[in-house]
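Just so you know, all these numbers are worked out from the coordinates, no wet-lab data involved. Predicted, not measured: the structure shown is a model, and the values here were computed from it. Positions of Cβ are backbone-derived with ideal geometry, glycine not excepted, and every protein chain shown enters the neighbour counts.
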Ligand code: GDP
Ligand code: MG
């Protein structure tokens, strides 16, 4: 049996779990450890998440994702080169040697149910986009203990939406087919998206990025081929609205497209007896049926090749790691109850974080324009220059793609003005003090000159 601890470069970290009484327990220290790293804080962020029922092969698949990532990307704990940039070139043999034991997230953990929670791989992968030079950090996230007979639909829905909020690629791992009741996990997500769309004044794109339905042990290969092409046709069929479906699931079907930038589906064949039932199976690919191995390989590449990486966005803006950490901590806090938070509270929190970040950037812009005028600022023109810089920054704010409704736009504009005025008072006091000191120093200097 594999253990978590034998991977040379990383380990699974539980950042959030459900207590026995159903409360969400968050490990903020661990969140800090994973996201606070000078190497990554300004990088744009990609988070791959897998979610689905216990013993569905999620951690197994994620460990092959880790193999791909370690073979092809540099990481904090396994830097490919010390200085400069590591250029991506696909290692054709990224699957490793045929009987190599599978390490990483703990998998095949037996009949005992895992702790329910969200687990993030402690190491972070680094990539620089060739054409733009943009730097990216890639995170891998596992979930466990959900979507089985022990977990309630509300638990499932809230973890589903929480992991959507945190991830940029969400893979929903399902056995054999998409079952009608599994679509209800998506209901909360669609409600959140509908609320966001209704409450926003600007057209800012969809709240979430990518959703993939991943169907394991697909045994309908005569109708739909394996992989994402067959998956697309299958998904189209499942997503058709029919009158005999429950109203809430009809509504999920109608609105799901407005929640995600892209929805895909991938059909995987059965991996073969050695993988699904092998007693002492170590996770190596030597035991996989050939068609499974090929499809697994293309799936991992379709998720993680540089051109396929999906960045995390809020309000159509790419987030960096530092900002993402703040969102994650706020979201986790909001979910720290044994009830489902209201969609309106999640949305409000998102708007607040987004707009606070925006006005922080605006204040930085104001400071910069003041510094540019530093040499010509004196007692007579200081207020005039301040007003000019403030106007410029407020115009910049008015032109920005804001999040939320008109009320938010107005409230945060006033907050921006307040922040600017507060900074200006500090600046002027400092300046006056400096001028005073300068005067004193000059007087002293003149006295000395006189004496001499
Ligand atoms: P998790 O609970 O969803 O994380 O499942 P694990 O990754 O721990 O895997 C549970 C078991 O499923 C392991 O014994 C794997 O060998 C096996 N497994 C992995 N992929 C597949 C698959 O596609 N189909 C089947 N039937 N079993 C799989
Ligand atoms: Mg697992």
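Numbers below:
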{"read-out": "Region 299-372 - Debye-derived log10 I(q)/I(0), Cα point model, q = 0.20, 0.22, 0.26, 0.27 Å⁻¹", "value": "-0.94, -1.01, -1.15, -1.19"}
{"read-out": "Segment residue 337-residue 206, length gained on full extension (0.36 nm per residue, minus Cα span)", "value": "44.4 nm"}
{"read-out": "Distance in nm between pseudo-label sites at residue 225 and residue 445 (7 Å out along the Cβ direction from Cα)", "value": "8.1 nm"}
{"read-out": "Per-pair calculated FRET efficiency, R0 = 30 Å: residue 369 and residue 33 via Cβ, rounded to 0.05", "value": "0.20"}
{"read-out": "10 Å-binned pair-distance histogram of region 234-287 (Cα, whole percent)", "value": "19, 30, 17, 24, 10"}
{"read-out": "The chain - share of DSSP beta bridges that are antiparallel (%, nearest 5)", "value": "45 percent"}
{"read-out": "Contour minus Cα-Cα distance for residue 361 and residue 435 (0.36 nm per residue)", "value": "23.8 nm"}
{"read-out": "Region 347-444 - convex hull of alpha carbons, volume per residue in Å³", "value": "89 Å³"}
{"read-out": "Between helix 343-372 and the chain: long-axis angle, C-alpha atoms, 0 to 90°, nearest 10", "value": "40 degrees"}
{"read-out": "Modelled FRET efficiency - R0 25 Å, residue 279 with residue 98, Cβ distances, 0.05 increments", "value": "0.85"}
{"read-out": "In degrees, nearest ten, helix 321-334 long axis to first principal axis of the chain (Cα)", "value": "70 degrees"}
{"read-out": "Packing-based order for 61-72, 225-236, using average beta carbon neighbours within 10 Å, highest first", "value": "61-72, 225-236"}
{"read-out": "Computed over the chain, Kirkwood Rh from alpha-carbon pairs, angstrom", "value": "24.6 Å"}
{"read-out": "Simple label model, 7 Å out from Cα along Cβ direction - residue 179 to residue 197, nm", "value": "2.9 nm"}
{"read-out": "Computed over region 166-304, Cα set: Rg, Dmax in Å", "value": "17.1, 58"}
{"read-out": "Globularity index of region 200-264, i.e. its alpha-carbon radius of gyration over 2.2 N^0.38 Å", "value": "1.32"}
{"read-out": "Residue exposure sequence - 302, 122 - by fewest surrounding Cβ within 10 Å", "value": "302, 122"}
{"read-out": "Cα→Cβ-extended label distance, 7 Å offset, between residue 345 and residue 421, nm", "value": "3.3 nm"}
{"read-out": "Gain in span if fully extended, residue 241 to residue 352, counting 0.36 nm per residue against the direct Cα distance", "value": "36.4 nm"}
{"read-out": "Using alpha-carbon coordinates, inclination of helix 227-238 to the longest axis of the chain, degrees", "value": "90 degrees"}
